[in-house]
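Worksheet for the structure shown next.
The values are calculated or read from the model by the stated rules, or taken from the named source; none is laboratory data. None of these values were measured; they are calculated from a predicted model. All Cβ positions, glycine included, derive from the backbone under ideal geometry; neighbour counts span all protein chains shown. Calculation scope for accessible area: heavy atoms of the full protein, side chains included, ligands and nucleic acids excluded. Shrake-Rupley method; radii C 1.70, N 1.55, O 1.52, S 1.80 Å.
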Amino acid sequence: MILKRCPWCLGDKKNQYYHDNEWGTPNFTENSLFEFLILETFQTGLSWKIIINKREKINKAFSGFDVKKIAKYDLNKINHLLNNKNIIRNKLKIESAISNAKAFIKIQKEKKSFSNYIWAFVKGKTVQNKFENQKKIPKQTKLSLIISKDLKKRDFKFIGPIVTYSFIQAIGIVNDHLTSCFRHKELNLER
């Protein structure tokens, strides 16, 4: 049986694996939430395909996305990262990863976990969208604007409503798999 998938993942094995196994799956794991936050901020102005193909090397360069280690990065580490040809070498994005790690830790202390914080925006339940066409999926929503404003208020960088929407799609706060995609039904049943 041939599975129908969202068109954006077709033609690239890593993208397809990500689509089939991660994208839109409700995610409550702290390290993984931080990873997706960083990857989405690094994607700004780039294609997801670039990020997914550099993901392993970004993971290695950024201490396995260990939020406590990244929060302690200094100027030497920033310069080392800027010289790493295997990652996105954008100084503002690298610096935002460090400041976002510090902001992430503050939320963990305040709310007991980042997961508690981010999932509270939807009372712990995935928003089940029913898009039939990829062109109908919005780039941002009222929800992503609310979350983005709150994150910015908490000193997060590179986290406007469009990046925030990509983030909440990735971590399963919204299910934006097309209704024709096999994952849409699977994720709708998992509720």
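Name every residue in the stretch 70-102 that is open to solvent by 100 Å² or more (accessible area, probe 1.4 Å) and without any contact (Cβ under 8 Å) to a residue 12 or more places away in the chain, in order of residue number.
Selection gives 72, 75, 76, 80, 83, 85, 89.
Only helices (runs of 4 or more DSSP H) wholly contained in the stretch 123-191 count here; list those with 3 or more residues that are free of Cβ contacts under 8 Å to residues at least 24 places away in the same chain and touching a Pro at 6+ places or on another chain (Cβ under 9 Å).
Details: elements: 142-153, 161-170, 182-189.
Here the list reads 142-153.
Hey, could you check the stretch 114-143 for residues that are open to solvent by less than 50 Å² (accessible area, probe 1.4 Å) and touching a Phe, Trp or Tyr at 6+ places or on another chain (Cβ under 8 Å) and say which is nearest to residue 29 (Cα to Cα)?
Kept after step one, since they are open to solvent by less than 50 Å² (accessible area, probe 1.4 Å), are these residues of the stretch 114-143: 114-115, 117-119, 122, 124, 126, 128-129, 131, 137-138, 141, 143.
Filter once more, keeping what is touching a Phe, Trp or Tyr at 6+ places or on another chain (Cβ under 8 Å): 114-115, 119, 137-138, 141, 143.
Details: 114: 9, 115: 7, 119: 11, 137: 26, 138: 26, 141: 24, 143: 21 Å.
My answer is 115.
Check off (1) over 11 Å from the mean Cα position of the chain (by Cα); (2) part of a helix (DSSP H, G or I); (3) charged (D, E, K, R); (4) within 25 Å of residue 135 (Cα to Cα) for residue 54 and give me the number that stays unchecked.
(4)
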